[in-house]
Amino acid sequence: MTVQIIQTNPIEGQKPGTSGLRKKTRVFMQEHYLENFVQSVFDAIDGAKGKRFVVGGDGRYFNAQAIQTILKMAAANGAAEVIVGQGGLLSTPAASHLIRLNGTDGGLILSASHNPGGIDEDFGVKYNIGNGGPAPEGVTAKMLARTLEITEYKVSDAADVDLGLIGEQTLDGMVVRVVDPVADYKALMETLFDFGKIRALFAGGFRMRFDAMHAVTGPYATAILEGTLGAPAGTVINGVPSEDFGGGHPDPNPVWAKTLMDEMFGDDAPDFGAASDGDGDRNMVVGKQLYVTPSDSLAVLAANAHLAPGYARGLAGVARSMPTSAASDRVAAKLDIGSFETPTGWKFFGTLLDAGKATICGEESAGTGSDHVREKDGLWAVLLWLNVLAERGQGVSEIMADHWKTFGRDYYSRHDYEALPVDVANDIMDDLREQLDVLRGQNVGEMAVLAADEFSYVDPVDGSESHKQGIRIFFEGGSRAVFRLSGTGTEGATLRVYLQSYVDGAGDLFVETQAALEDVRYAAAEISGLARTGRDAPDVMT
Ligand code: VG1
Ligand code: CO
């Protein structure tokens, strides 16, 4: 067994500011491509020598093969130990937990999250640092620079490791520790939630459906919900991870989790429905005939978290990404705790969580989490909901109605225009940017513009700055439209239009969401010249 030094050429493809690389699987499978990125990560952190890492992925096509390559490269770069989930599986939150629990230097997570998988779909690799969270911009900038100048990488020619075998093996002198992907994560959940209360809820006949979408959360949800909490067999559907997620998009939203939505809106709907994404960090929550928007879910969880043992002392603060609705701000104001608005992407929550300024964080894109790890955590959100439902003895719709009465309702929807020609999407953003100063005071349809700006962020903990994080247009009466280009798409450009309007607790709380947002949708389309997309409707509305 020897270390080989392979000559290579730089690669392009990492988007600035992203903590990893997300590409078509066939791109990743090109000679040297994955290797170049992995070596760039090691180089960006001043080498892997003597370091310890966690490695695992969501089980999509190419997962197992990529892990073998990463292990051989880690060994060749002198790493001391790599902890791997059995079968190469680890959800993103479980990987974050393992990094923290074992005090490793970082971890590599293989996933393209909610994007479809398979040889003709997407693959991804992201790097998380020692706090368990996505690499911050200081590190990602080094990674990106390195991918553009790399000339060689190191790899061992040792044989493959048996990822099915729990326990320690060695690879060219490096320890490879294969662990049960679920055990430590489950133990962590037991410290946060009242499992006895939730078990009693299920024992009392409470019915739930959890759609794991053929993705990595299947084994976690089956072990915890059916195994430990006593939910009947069949509560978890699509629970076995598959390389192409059963041919679907493992994206927990009303469009892609349609089977679950149909059941929850049907005659014999269970009490509670939930779903999670490819790598298990996102969640969707549905009550009987009621879809809970992720922004509302964040607010409800913040308002009720004290009912779960892990949060009984109360929260230090709540953080949300800028496009997320203001619903959680209202809760923070009432609780008189910190409230933070960050750019899109979980990495911005890391400093706030590390500094103890925020306890719960969330994004409108179905991401919710807390300081128990440094990633969003789909199953965690579902368990917190279950704990709240068990404590309050009410259904989802009663809890939502009560919440809206108390805080008012932020109607919310995101409209995505996917795979647009890059120049069309850039033109829309550039033209908006040029109008910012003249928009104020204009009337568009029924809406009057109060203010418009482009969101910039200064991290209150480390002072780092992030600019151009989305264009915001505020209207009179508390409505808002936000425009952003996606950083995670793999085809053309995806324009996201985030729409929001507010009614107070005395207002009309039960209007259909798209109807409630019609005026702000119209104004947003006019101001941005959305007709240029040539689309008469968004590709996805969540
Ligand atoms: C999207 C979401 C963002 C989320 C990111 C990663 O990014 O909007 O809120 O943090 O995906 O989620 P973008 O740039 O495409 O809008 V995941 O589940 O891929 O780790
Ligand atoms: Co994800």
### Query
Can you name the number of the only condition in (1) surrounded by fewer than 24 Cβ atoms within 10 Å (Cβ to Cβ); (2) in contact (Cβ under 8 Å) with a residue 12 or more places away in the chain that Q394 fails?
(2)
### Message
Please go through region 90-129 and give me each residue that is within 16 Å of ligand 2 (Cβ to nearest atom) and among the β-branched types (V, I, T), ordered by number.
### Response
T92, I109, V125
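Select the strands (runs of 3 or more DSSP E) contained entirely in region 301-383, then report the ones holding at least 3 residues which are within 16 Å of ligand 2 (Cβ to nearest atom) and within 22 Å of T18 (Cα to Cα). Spell out the reasoning first.
Numbers: elements: 317-321, 338-342, 360-363, 367-370.
Filter on region 301-383 gives 360-363, 367-370.
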### Task
Being assigned to a loop (DSSP other than H, G, I, E, B), modelled with pLDDT of 95 or more, in the same structural domain as G78 (by TED's automatic domain parsing) and small (G, A, S) narrows it down to one of G59, G17, so name that one.
G59
### Summary
The one condition F206 fails out of (1) outside any loop (DSSP other than H, G, I, E, B); (2) more than 26 Å from V179 (Cβ to Cβ); (3) of a type outside the set (S, T, Y) is (1)
### Message
Please count how many residues of region 211-259 are touching a residue at least 24 places away in the same chain (Cβ under 8 Å), in a helix (DSSP H, G or I), of a type outside the set (A, V, I, L, M) and surrounded by 17 or more Cβ atoms within 10 Å (Cβ to Cβ).
### Response
4
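Return yes or no: is G59 in contact (Cβ under 8 Å) with a residue 24 or more places away in the chain and within 14 Å of ligand 1 (Cβ to nearest atom)? Please lay out each step first, then the result.
Numbers: in contact (Cβ under 8 Å) with a residue 24 or more places away in the chain: yes; within 14 Å of ligand 1 (Cβ to nearest atom): no.
Against the criterion (in contact (Cβ under 8 Å) with a residue 24 or more places away in the chain and within 14 Å of ligand 1 (Cβ to nearest atom)), G59 does not qualify.
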### Query
Just wondering, is there one or more residues in region 143-155 that are out of contact with any Phe, Trp or Tyr (no Cβ under 8 Å at 6 or more places or on another chain), more than 17 Å from K347 (Cα to Cα) and small (G, A, S)?
yes
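From the residues in region 277-296 that are assigned to a helix (DSSP H, G or I) and more than 16 Å from ligand 2 (Cβ to nearest atom), which one is farthest from A401 (Cα to Cα)?
Filtering region 277-296 down to residues assigned to a helix (DSSP H, G or I) leaves 294-296.
Those left that are additionally more than 16 Å from ligand 2 (Cβ to nearest atom): 295-296.
Values: S295: 15, D296: 11 Å.
The extreme case among them is S295.
Kindly evaluate I99 against the criterion of being within 16 Å of ligand 1 (Cβ to nearest atom), in a strand (DSSP E or B), of a type in the set (A, V, I, L, M) and at pLDDT 95 or above. Full working, then the answer.
Values: within 16 Å of ligand 1 (Cβ to nearest atom): yes; in a strand (DSSP E or B): no; of a type in the set (A, V, I, L, M): yes; at pLDDT 95 or above: yes.
Answer is no for this residue.
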### Query
If A525 satisfies every condition in (1) small (G, A, S); (2) in a loop (DSSP other than H, G, I, E, B); (3) surrounded by 17 or more Cβ atoms within 10 Å (Cβ to Cβ); (4) more than 16 Å from ligand 1 (Cβ to nearest atom) but one, which is the exception?
(2)
#### Entry: Single condition A452 does not satisfy, out of (1) of a type in the set (A, V, I, L, M, F, W, C); (2) in contact (Cβ under 8 Å) with a residue 24 or more places away in the chain; (3) buried (at least 20 other Cβ atoms within 10 Å of the Cβ); (4) outside any helix (DSSP H, G or I)
(2)
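Among the residues of region 371-416, which ones are more than 16 Å from ligand 1 (Cβ to nearest atom) and closer than 25 Å to P343 by Cβ?
Let us first name the residues in region 371-416 that are more than 16 Å from ligand 1 (Cβ to nearest atom), namely 371-372, 383-411.
Result: D371, H372, L384, F407, D410, Y411.
Tell me which residues, restricted to region 82-96, are within 16 Å of ligand 1 (Cβ to nearest atom) and touching a Lys or Arg at 6+ places or on another chain (Cβ under 6 Å). If you could, list the steps in order and put the result at the bottom.
Taking region 82-96 as the starting set, the residues that turn out to be within 16 Å of ligand 1 (Cβ to nearest atom) are 90-96.
Scanning region 82-96 gives a single hit, S96.
Restricting attention to region 144-199, and to residues there that are of a type in the set (K, R) and not in a strand (DSSP E or B), which single residue is nearest to the chain's Cα centre (by Cα)? Outline the logic, then answer.
Filtering region 144-199 for residues of a type in the set (K, R) gives 146, 154, 177, 186, 197, 199.
Remaining after also requiring not in a strand (DSSP E or B): 146, 186, 197, 199.
Values: R146: 26, K186: 20, K197: 28, R199: 28 Å.
Taking the candidates together, the pick is K186.
The values are calculated or read from the model by the stated rules, or taken from the named source; none is laboratory data. This is a predicted model, so every value here is computed, not measured. Cβ coordinates were reconstructed from backbone atoms using ideal geometry, including for glycine residues, and neighbour counts include every protein chain displayed.
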